[in-house]
């Protein structure tokens, strides 16, 4: 059964699509970029690299079991 919220979002999807494309183009062009250069410190770069490297310690499972991922509620009453 399709709720009215889903139906409303389907009606707005062309507008939402256009807005998304506009934001992505603006981001890619750099036209709205801050003139202030944002630089990470050496410590921040090291911590970021360490977090990234630690992700390789865990093997990606072939498949996930539904029970292991917890429960999901769509908010229906």
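Annotations
- Selection status of residue 31, part of a loop (DSSP other than H, G, I, E, B) and at pLDDT 90 or above: yes
- Residues of the stretch 34-59 classified as over 21 Å from the mean Cα position of the chain (by Cα) and either in a helix (DSSP H, G or I) or surrounded by 10 or more Cβ atoms within 10 Å (Cβ to Cβ) (or both), total: 9
The values are calculated or read from the model by the stated rules, or taken from the named source; none is laboratory data. A quick note: this is a predicted structure, and the numbers were derived from the prediction, not measured. Reconstructed Cβ throughout: ideal geometry from the backbone, glycine too, with neighbour counts over all protein chains shown.
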